[in-house]
Ligand code: APR
């Protein structure tokens with residue numbers, strides 16, 4: 001059974017590092033980006049998700065993020081988030097790298113979370129770097145201004161055309177290079193530099209496992225590819241390993 005194979009890999013290829021994408025949050029009611037009906041099918045990323053669009057039409061960008069924050073306000077961590085937190089608690093996962101900005105991993109109890117695309121917890125001033133809680137930014141829509149310099153704020157996420165937070169991506173690359181197993185859950189692996197992390201693991205002799213609806217460009221180099229739901233698969237793996245306990 002494929003879940004048993006994944007449990008076997010987790011036991012035999014330690015340390016395990018997990019990389020998640022938007023696909024782990026769809027079961028919490030948050031749409032992903034590239035599935036049918038996903039966010040980039042309904043919005044043009046270069047109109048609402050690129051740093052140039054913030055300069056061109058900041059009100060439009062904030063309108064888009066206000067909608068995303070609305071969806072987030074109703075969202076709760078799902079079985080997939082909880083299973084990953086449990087696996088970390090039992091010592092089966094060293095750390096979790098996420099492309100998601102929804103904070104659901106932390107709300108589920110995951111502790112070592114590397115947010116490589118930032119988060120929606122805060123807004124940030126692109127001019128002077130000041131950070132404010134997102135609630136304050138939302139309260140001053142349609143154009144939240146920096147309390148220090150008056151510049152229009154941006155959501156605290158990495159927008160297209162921006163560099164990733166150096167510390168986060170460097171740690172993610174280090175974790176991937178040291179991983180015995182990189183477990184990717186719910187990502188199309190289409191956006192670099194994160195999409196290059198499997199290469200770091202494989203180049204250092206580690207193994208790759210994927211739990212994802214649909215193919216990715218890394219499937220042919222993976223030890224295991226499960227075209228299955230994130231929540232049900234991770235819940236089943238956590239149950240299998242939980243029975244075994246952290247001494248394996
Ligand atoms: N179980 C398993 N897989 C799922 C589930 C689920 N419940 N729901 C969706 N998926 C899969 C989709 O089929 C898709 O292959 O998750 C993948 C999500 O891929 P994307 O929508 O491309 O999201 P992601 O890989 O996180 O995108 C990376 O792109 O736009 C940027 O900054 C944005 O962080 C995001 C980055």
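Each value in this text was obtained by applying a stated rule to the coordinates, not by laboratory testing. Every value quoted in this text rests on a predicted model; they were computed, and no experiment measured them. Quick reminder, even Gly has a Cβ in these numbers, built from the backbone with ideal geometry, and neighbours come from all protein chains shown.
Most tightly packed first, judged by the mean number of other beta-carbon atoms within 10 Å of their residues, the peptides 142-149, 2-9 read 2-9, 142-149. As a rough guide to protection, the peptides 123-129, 90-96 ranked by mean Cβ packing within 10 Å, highest first, stand as 90-96, 123-129. Note that the chain carries a Kirkwood radius of 18.6 Å, evaluated over its alpha carbons pair by pair.
Taking a quarter of the surface of the Cα convex hull of the stretch 158-226 gives a mean projected area of 4.6 nm².
With neighbours defined as other Cβ atoms within 10 Å of a residue's Cβ, the residues 43, 65 order from fewest to most as 43, 65. Our estimate of slack between residue 74 and residue 243, defined as 0.36 nm per intervening residue step minus the Cα-Cα distance, is 57.6 nm. Using the Cβ-Cβ distance between residue 171 and residue 90 with R0 set to 35 Å, the FRET efficiency works out to roughly 0.95. The protection proxy used here, the mean number of other Cβ atoms lying within 10 Å of each residue, ranks peptides 152-163, 214-225 as follows, highest first: 152-163, 214-225. Percent of C-alpha pairs per 10 Å bin in the stretch 124-248, short distances first: 12, 28, 26, 21, 13, 1.
Its DSSP H runs of at least 4 residues, each contributing -39,500 (n - 2.57), put the calculated 222 nm mean residue ellipticity of the chain at -11000 deg cm²/dmol, to the nearest 500.
Computed from Cα atoms, the angle from the helix 58-73 axis to the main principal axis of the chain rounds to 40 degrees. For the stretch 34-91, the calculated P(r) over all alpha carbon pairs, in 5 Å bins from 0 to the bin holding the longest distance, is 4, 16, 16, 17, 15, 11, 10, 8, 3, 0 percent. Restricting attention to the chain, close to 25% of DSSP beta bridges with both partner residues there are antiparallel.
Model label points for residue 43 and residue 204, set 7 angstrom from Cα along the Cα-to-Cβ axis, are 3.4 nm apart.
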